[in-house]
Amino acid sequence: MSTRWLILALPPLLLIMAALALAYVFQELDEAGVDRKAAERLTLYRQTIIGEYQKYRYLPYMIARDPRATASIGLGQPAESANRFLEEMAANSGADLLYVMNADGTTVAASNWQKPLSLVGRNYGFRPYFKAAMRGEEGQFFAIGLTTGRPGLFLARPTPVEGEPVGVAVVKVDTRDLETAWAEGGELVFATDADGVIFLSSRPDWRYRTLADLPAETRAAIASSQKYAKETLKPVSGQPVTGQKQLTIDRQTFRHNSTDVGLLGWKLHFLVPVEETHNSALPIWAVTLTLCLFYAVIVLGLRGRRLRKASALLRQESADLKDLNQRLVGEIKERRRVEHALLEAQRGLARSNRLAAVGEMSAAVVHELSQPLSALRMFVAGTRKFLEKGDTQTAAENLQEIDSLQMRMTSLTQELKRFARPGESRIEDVDLRDSIQAAEKIARPRFEETGVLLKIDMPDTPLIVETAPLRIEQILVNLLRNAADAAADEDDGVVQLQVQETGTSVLVRVLDNGPGIPVGLRERIFDPFFSTKTNSEGMGLGLAISMRIAEDLGGELSVSGNRPKGAVFELKVPALKSGDTADDPSEYLEPAIAE
Ligand code: ADP
């Protein structure tokens, strides 16, 4: 049993203990009440006995001295008149029997002289009341009438002649009326004689039973006086009754109270069924039981409610968990779907990126090759003319140029291949003046075409940088050609190339006096395919590629306005090898073609 249950069981246990204590106290009170009532009743019953006794006590005394009665013993009137006198006296006094005995104990006159069970002529000399009277004492005796069989109280007095008893006058008081009155009262009351024999009882079945087993000599004395005729005088209880408060008769237990009558050693006993002394216990236990049941109902009810609450909570929690689980499953599904969609999108993007890269590259190829190709066409046409004229010297020079252009294009295609295949771009120490000259050579035809003047200001000392020379050339070619294009429409179109060395970098600036670039467009001109040129050459890739190359090489490309008009492009090339620069400048195409 757990402590919890012990705690729960504590209130009813305490209640039961309190009820026990209360029941005990109330039983004590009940018993005291019963005893009080018994004492009152015993006093009353005692008075009825004493009253009967007093009522008849002097009757034999008077009769013993009345000549009308003593005639029967030869002291006056004849016996018949004595009989009549006694009959009349009995009728008037209410006595059961009145009779006169002579000195032998033989009845000489009796009130029932005319009845079949007449006492006249019968000898009762053995009766103690006779013997006592003959001793000159007052005879008092309770016994069952030997002739009539009726119990009664015998009171006897001697008839003295010169002081000597010569006969005895006796009154027998019938006690059955007393018993009937007791029985009608519905109470349990009985009287015992000096030997403890019940001779009066409201319960007829207890009559002539004893309070204890009688000793042999007592039995012998009773037998000799024939007091209780042939009654067996069995004890009422297995236990001798010696004034104890509790008494069991025929398996029924009683509260027992007794008192001395003050006559012939008689005692009066008053019994109350023991249950009546427990009257208060019943409501106490009923209330206790009700409270315990009430408590049990409340405890079980609360427990049930708690259990119901807990199970409702559990149900709610499991429902919540289920719900959460379902949401999680849903979210996982959604995530997978999104991941899948993302993967698809990435693949799509990679595809389109690849396509874009291919497109960009194709455009770049066209762009980068168209210039040398058109130059090649011009040289070939020139050579043909010089050969037709027979000027082989100039033709040979032109062929030289054609050869270098062819080499240029080869290296360009190689460069483009490098875009596609990373790791092929070579970084080396370069004198930037060589790159500028190479670029100028490629861009020259455009200047000649447009009639724009190109001025290049370069220091005499080498401008050594660590970079990819062909790419730097590529940028410079783009910048020079754009500048030539911009200044083409000017009357005195001029393009200047200036070089400036700082501590950490070399600045190459290309200035023109063309229309310049509106501030709002300065960002956009570096976007791929942004072009304002209407001819087929304008593909809008030159600056985009240049910007990427510059950044790739750890440099910068920027634009600003020229004064009074035109544009200034500035290429900053790192002067010294720096950890920040990319080892592989061609990587800029990598993300576009990588999965
Ligand atoms: P493309 O030369 O094929 O148009 P670019 O990327 O080289 O492509 O140039 C993009 C655009 O930038 C040009 O179309 C032109 O409008 C503008 N631009 C470039 N350089 C100059 C310049 N020096 N002066 C004015 N505008 C320029």
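Read-outs: derived from the displayed coordinates by stated rules, not from any lab. Values in this document were obtained by computation on a predicted structure and should not be read as measured data. Heads up, the Cβs are rebuilt from the backbone with ideal geometry, glycines too, and the neighbour counts pull from every protein chain shown.
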Next on the checklist: Under the rule of at least 5 residues apart or a separate chain, name every residue whose amide H is placed under 5 Å from the amide H of Q140.
Outcome noted: A156
Checklist entry - What is the fewest-to-most order of F529, F199 by other Cβ atoms lying within 10 Å of their Cβ? => result F529, F199
Checklist entry - With the dipole of the chain worked out from charges on the C-beta (+1 for Lys and Arg, -1 for Asp and Glu) around the Cα centre, which of I7, F154, A220 lies farthest toward the positive end? => result F154
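Structure shown: which of K385/K441; K389/K533; K385/K533; K115/K230; K55/K245 lie over 30 Å apart, alpha-carbon to alpha-carbon?
Details: K385/K441 22 Å; K389/K533 38 Å; K385/K533 32 Å; K115/K230 24 Å; K55/K245 33 Å.
The pairs that break the limit, which is 30 Å between Cα atoms, are K389/K533; K385/K533; K55/K245.
If you count, for each residue, the other Cβ atoms within 10 Å and average over each peptide, how do 293-303, 143-153 line up from highest to lowest?
Numbers: 293-303: 11.4, 143-153: 17.7.
Ranked by mean Cβ neighbours within 10 Å, highest first: 143-153, 293-303.
Which of V236, V261 comes first, and how do the rest follow, when ranked by fewest Cβ neighbours within 10 Å? Intermediate values should be presented prior to the final figure.
Working: V236 24, V261 20.
Lowest count first: V261, V236.
Got a sec? How would R377, R471 order by Cβ neighbour count within 10 Å, fewest to most?
Working: R377 10, R471 24.
Neighbour counts put them in this order, fewest first: R377, R471.
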Checklist outcome for this item: Here the range 245-251 yields Karplus 3J(HN,Hα) values (6.51, -1.76, 1.60; θ = phi - 60°; whole Hz; Gly and Pro given as x) of 7, 10, 9, 10, 10, 6, 6
Checklist outcome for this item: 1/(1 + (r/R0)^6) with r = Cβ-Cβ of K55 and E88, R0 = 25 Å, i.e. FRET efficiency to nearest 0.05, evaluates to 0.90
Checklist entry - Using a simple charge model, +1 on the beta-carbon of Lys and Arg, -1 on the beta-carbon of Asp and Glu, nothing else, what dipole does the chain show about its Cα centre, in debye to the nearest 20? => result 4840
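Between T502 and R522, what FRET efficiency follows from the Cβ-Cβ distance if R0 is 25 Å, with the result rounded to 0.05? Before the final figure, lay out the partial values.
Values: r = 23 Å, r/R0 = 0.92.
E between T502 and R522, to the nearest 0.05, is 0.60.
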Checklist entry - With axes computed from alpha carbons, what is the tilt in degrees of helix 392-420 against the longest principal axis of the chain, rounded to the nearest 10 within 0 to 90? => result 0
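Hey, could you get me the Stokes-Einstein D for the chain, Kirkwood radius over alpha-carbon pairs, 10 °C and 1.306 mPa s, rounded to whole µm² s⁻¹?
Numbers: Rh = 38.5 Å.
So the translational diffusion coefficient is about 41 µm²/s.
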Checklist entry - How large is the charge dipole for the range 481-548, taken about the Cα centre, if only the Cβ atoms of Lys, Arg (+1) and Asp, Glu (-1) carry charge, to the nearest 20 debye? => result 380
Next on the checklist: Compute the angle between helix 3-57 and the longest alpha-carbon principal axis of the chain, please, reported from 0 to 90 degrees and rounded to the nearest 10.
Outcome noted: 10
Item to check | Rounded to 10°, Cα long-axis angle of helix 281-389 versus longest principal axis of the chain | outcome: 10
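How high is the relative contact order of the chain? Use alpha-carbon pairs under 8 Å, at least six apart in sequence, and give a whole percent.
On the way: 932 pairs, mean separation 51.2, N = 595.
After rounding, I find 9 percent.
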Next on the checklist: Residue by residue through the range 187-195, what is 3J(HN,Hα) from phi via Karplus (6.51 cos²θ - 1.76 cosθ + 1.60, θ = phi - 60°)? Round to whole Hz and write x for glycine and proline.
Outcome noted: 9, 9, 9, 9, 10, 10, 8, 5, 8
Next on the checklist: So if each residue of separation counts as 0.36 nm, and I subtract the Cα-Cα distance between D323 and E551, what length gain in nm does that give?
Outcome noted: 76.6 nm
